[in-house]
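The values are calculated or read from the model by the stated rules, or taken from the named source; none is laboratory data. Keep in mind that this is a model prediction, so the values were computed, not measured. A quick note on method: Cβ atoms are made from the backbone with ideal geometry, for glycine too, and the neighbour counts reach across all protein chains shown.
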Amino acid sequence: MSDRLIIFDTTLRDGEQSPGASMTKDEKVRIARALEKMHVDVIEAGFPIASVGDFEAVQAVAKAVKDSTVCGLSRALDTDIERAGEALKSANSARIHTFIATSPIHMKMKLRMEPDQVLEQAVKAVKKARQFTDNVEFSPEDAGRSELDFLCRVLEAVIDAGATTLNIPDTVGYNVPEQFGSLIYKLRERIPNSDKVVFSVHCHNDLGLAVANSLSAVMNGARQVECTINGLGERAGNASLEEVVMAVKTRKDVFPCNIDHLDTTQIMNSSRLVSSITGFPVQPNKAIVGANAFAHESGIHQDGVLKSRETYEIMRAEDVGWSANRMVLGKHSGRNAFKTRLRELDVEFASEAELNDAFARFKDLADKKHEIFDEDLQALVTEANLEAANDWLKLVRLKVCSETGETPNASITLRVDDGELSAESEGGGPVDASFKAIEQIIKSGCSLQLYSVNNITSGTDSQGEVTVRLEKGGRIVNGQGADTDIVIASAKAYINALNKIMEPSDRAHPQTGDV
Ligand code: KIV
Ligand code: ZN
């Protein structure tokens with residue numbers, strides 16, 4: 001058994017299944033580049049059959065990424081597998097990940113198939129995938145609630161059919177660490193040809209156990225962990241990449257494998273990027289990447305850390321990329337410094353016009369804010385990309401009045417297609433008044449599901465990064481906006497969400513519907 005722990009990142013696929021976290025092709029490429037820079041082994045770029053957008057995003061990631069393996073998800077269906085094979089054609093190293101559910105409840109209620117039919121279809125799918133690549137991963141969906149004997153039969157058969165990685169998902173986050181570790185142990189023991197494949201795990205966080213379950217599996221012989229940046233993913237999310245990686249790195253003494261190939265100093269950069277693109281803020285007390293992860297509040301702790309950092313610190317903040325990236329730009333920084341820093345953050349501009357637009361935004365921001373940090377630059381690029389991708393609706397002007405004892409009022413002008421429209425509204429507060437004024441013009445019929453404000457950096461001149469989640473007809477989108485004025489940031493976020501939701505989307509979900 002190899003000592004190396006393979007890191008399979010599924011931020012771009014399972015992460016994208018979080019409500020409202022859909023990403024554009026360019027955003028996926030930006031994240032994939034950051035993952036490649038971290039030396040992530042496998043990047044699951046999407047579910048190519050889901051929509052033309054998904055197909056093109058997988059294709060673009062396959063072209064952009066050179067060092068990591070690029071993977072596409074497919075149900076155990078010929079059409080899905082062919083589409084994945086096509087999307088991955090230009091990858092340096094391609095993997096097809098095919099899956100079918102094996103738990104009694106999924107087979108009966110979702111697939112309406114007999115166990116033997118499922119087994120036959122799994123084998124057929126793996127053989128089909130092998131026509132496109134030698135690197136084939138098979139997942140028995142809901143393995144955590146499947147019967148052991150049946151699971152063993154299916155897995156033995158797919159190994160014979162040519163699967164090279166067997167991924168064991170705890171799809172609904174039902175397992176507990178000892179049980180899940182022992183499942184991996186038993187599968188490796190019982191399946192006669194188990195030594196021919198790498199065992200992988202894919203844990204969901206419904207009971208907050210995704211990382212613990214993954215690590216327990218590693219202790220029992222799993223050598224690939226599927227995870228996401230910031231633990232993004234369906235419902236409560238997936239195992240968080242940063243937590244799995246730093247646990248194995250920090251506790252080398254207990255884990256029977258290593259993760260030395262990963263450049264962990266890239267973790268913070270990827271975390272910020274994913275948060276800024278998806279609009280999912282990172283909670284301050286989140287392990288590794290939360291703002292408080294390395295902050296010491298109490299006097300006793302501070303005193304201890306100043307005398308010897310090991311008293312209260314088990315990892316070094318620099319090792320996960322805190323502070324290392326914090327080169328500051330300001331009002332007097334030139335175009336060259338701006339371009340160089342963005343290149344270091346893996347942002348390349350497709351044209352001079354794009355660079356000029358971003359530089360103009362930077363100068364604008366630098367007029368309002370003294371020091372510009374990496375987080376500000378990332379937010380700025382995300383905003384420019386968002387506007388370029390969705391420009392049906394744009395904020396032209398916003399004026400808000402809010403005074404003690406008076407009802408707040410907002411007057412707004414929007415560019416809608418090629419014309420300008422204005423409206424005025426009162427509200428419970430300046431943000432509420434602004435959203436109501438926008439709705440007077442657009443009459444979207446959306447319901448607001450979430451509104452959150454985070455400061456991107458510290459200080460009262462920090463930009464506020466606002467996320468707005470809207471729902472319409474069952475479809476959910478997140479919109480983002482950033483500005484040093486949080487009312488303007490809020491209006492931008494609302495407009496961004498409207499731009500996304502008023503566009504029809506035909507994306508299909510991989511784990512629902514019949515096979
Ligand atoms: O959670 C799950 O079972 C999945 C599979 C597609 C691997 O995401
Ligand atoms: Zn999943």
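Give the residue, chosen from A32, A60, A84, that is out of contact with any Ser or Thr (no Cβ under 9 Å at 6 or more places or on another chain) and either closer than 22 Å to T228 by Cβ or away from ligand 2 (no atom under 16 Å from the Cβ) (or both). None of the other options fit; the residue is A60. Tallying residues that are of a type outside the set (K, R), part of a loop (DSSP other than H, G, I, E, B) and within 16 Å of ligand 2 (Cβ to nearest atom) within segment 231-281 yields 6.
Scanning segment 51-61 for residues that are surrounded by fewer than 24 Cβ atoms within 10 Å (Cβ to Cβ) and of a type outside the set (D, E) yields S51, V52, G53, F55, Q59, A60. Only one residue in M246, M268 is more than 30 Å from F150 (Cα to Cα), free of Cβ contacts under 8 Å to residues at least 60 places away in the same chain, of a type in the set (A, V, I, L, M) and buried (at least 20 other Cβ atoms within 10 Å of the Cβ). Which one? Step by step, each of M246, M268 is checked, and only M268 is more than 30 Å from F150 (Cα to Cα), free of Cβ contacts under 8 Å to residues at least 60 places away in the same chain, of a type in the set (A, V, I, L, M) and buried (at least 20 other Cβ atoms within 10 Å of the Cβ). Select from segment 175-215 the residues that are touching a Leu at 6+ places or on another chain (Cβ under 7 Å) and part of a helix (DSSP H, G or I) and list them in ascending order. Scanning segment 175-215 gives P177, K186, L187, S194. Restricting the search to segment 190-201, which residues are of a type outside the set (F, W, Y) and either out of contact with any Phe, Trp or Tyr (no Cβ under 8 Å at 6 or more places or on another chain) or more than 16 Å from ligand 1 (Cβ to nearest atom) (or both)? Listed by number, the residues that qualify are R190, I191, P192, N193, S194, D195, K196, V197, V198.
Answer yes if at least one residue in segment 53-71 is at pLDDT below 95 and either more than 16 Å from ligand 1 (Cβ to nearest atom) or among the acidic types (D, E) (or both), and no otherwise.
Checked against the condition, which is being at pLDDT below 95 and either more than 16 Å from ligand 1 (Cβ to nearest atom) or among the acidic types (D, E) (or both), segment 53-71 yields at least one hit.
Checking each residue in segment 220-234 for being within 14 Å of ligand 1 (Cβ to nearest atom) and under 13 Å from the mean Cα position of the chain (by Cα) picks out E226, C227, T228, G231, L232, G233, E234. Of everything in segment 159-178 that's closer than 21 Å to N193 by Cβ and out of contact with any helix residue (DSSP H, G or I) (no Cβ under 7 Å at 6 or more places or on another chain), which residue is farthest from ligand 1 (Cβ to nearest atom)? Top of the filtered list is D160. Restricting to segment 1-52, name every residue that is β-branched (V, I, T), over 14 Å from the mean Cα position of the chain (by Cα) and within 16 Å of ligand 1 (Cβ to nearest atom). Correct list: I6, I7, V42, I49.
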